[in-house]
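Only one structure is covered here, and it is reproduced in the block below.
Any read-out appearing in this document is the output of simple, stated calculations on the displayed coordinates, not a laboratory observation. In this text, all values refer to a predicted model and were calculated from it rather than measured experimentally. Here Cβ is always computed from backbone atoms with ideal geometry, including for glycine, and neighbour counts include all displayed protein chains.
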Amino acid sequence: MPPTRKPPDRSDRLIYGLHPVAEILESRPGRVERIFALRNRAGALGRAVRTGRLAGVPVTYLSRELLTRKTGRGAVHQGIAAQVAPIAYADVNEICREAIGRKSGLLVVLDGIVDPRNLGAALRTCAAAGAAGVILGAKGTAGLTAAATKASAGAAERIAVGREARPSKRLAELRERGFQVVGLDIRGETSWDALDLRGPLVLVAGGEQRGLRPALIRECSTKVAIPLVPGIDSLNVAVALGVLLFEAVRQRRRPSGSGG
């Protein structure tokens, strides 16, 4: 059954911080419903407010106490927040068609990542590497919340992100379409720099605690391990993804047939 498009929780409709707010005003101003800002602030904050006004976005000025209350205690709002329309998840079938249509399509599947900050950092890494999209396991994986969007520093607005109820089935379908499916696994038998990553590729990463689930491991063409010094047992998922993604980028920029 094709995945359905659904928005994240309504409570996650507030983006805060200078960079995330400026990013969405630049890339998708039509999604910004209202800006909340501290009054009489110049510099980058003033520029963001002016950008919003030019795009026709209403601005509400609040005291620091009210803005802090709105964003939540402990939130680093930097004097500005934006209320946005819910981010609709992209259709997974469309994400896959986009990747299949490329000569060397690149997809990322994330499953079981519960910390939205880890998810946001991973999304930024995927966007920076030029992935066609990211597919999130629908069960036990953080979604496109305000915290994840904040941690992505705006990158969640620039990459297609979909939810998949049966990621293992999706991986099997992609393998049938000629994709190499590479899983990040500390028990992997292959070193991160020993693979040819230039063709159609899906990178699969698991959660902070349990890593890849057995159902996903079974669908991987190869399991890759990143060597670590004794005493360090794992890497943050965004860092581990970055190692593999930018090795793929390096290889794809290499002239065909060249070595090293």
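Cα convex hull, segment 1-154: 120 Å³ per residue, rounded to a whole number. Couplings 3J(HN,Hα) of segment 214-222, computed from phi: x, 4, 7, 4, 5, 8, 7, 5, 8 Hz, in residue order, whole Hz [Karplus 6.51 cos²θ - 1.76 cosθ + 1.60, θ = phi - 60°; x for Gly and Pro]. Each peptide among 214-222, 198-206 gets the average number of other Cβ atoms lying within 10 Å of its residues, and from highest to lowest they stand as 198-206, 214-222.
Rounded to the nearest 500, the helix-only mean residue ellipticity at 222 nm of the chain stands at -10000 deg cm²/dmol, with each DSSP H run of n ≥ 4 adding -39,500 (n - 2.57).
Projecting the Cα atoms of G30, L197, G207 onto the charge dipole of the chain (Cβ charges, centred on the Cα centre) puts G30 farthest toward the positive pole. Taken about its Cα centre, the chain carries a charge dipole of roughly 820 debye when the Cβ of each Lys and Arg holds +1 and the Cβ of each Asp and Glu holds -1. Our summary of shape: the Cα atoms of segment 129-252 have principal axis extents of 38, 36, 30 Å, ordered from largest down, in whole angstrom. To the nearest ten degrees, helix 237-253 and the longest principal axis of the Cα atoms of the chain are 70 degrees apart.
Under 23 Å of direct C-alpha separation, and excluding same-chain neighbours fewer than eight residues apart, K70 reaches these lysines: K150. The H on the amide N of G133, modeled in the peptide plane, is under 5 Å from the matching H of V108, each at least 5 residues off or on a different chain.
Selection among V181, C96, G52 by position relative to the dipole of the chain gives G52 as farthest towards the positive end (Cβ unit charges, Cα centre). Computed over all pairs of different Cα atoms, the Kirkwood value for the hydrodynamic radius of segment 10-84 is 12.0 Å. Of the peptides 14-25, 97-108, the order by per-residue mean of other Cβ atoms within 10 Å, starting with the highest, comes out as 14-25, 97-108.
Entry note, the chain: relative contact order of 20 percent, from Cα contacts under 8 Å with a spacing of 6+ residues.
Within segment 63-166, the proportion of C-alpha pairs whose separation exceeds 19 Å stands at 46%.
Taking the Kirkwood radius as Rh and the Cα radius of gyration as Rg, the chain has a ratio of Rg/Rh equal to 1.02. Only aspartates and glutamates eight or more places from K139 in sequence, or on another chain, were considered; those with a Cα closer than 14 Å are D111, D115, E164.
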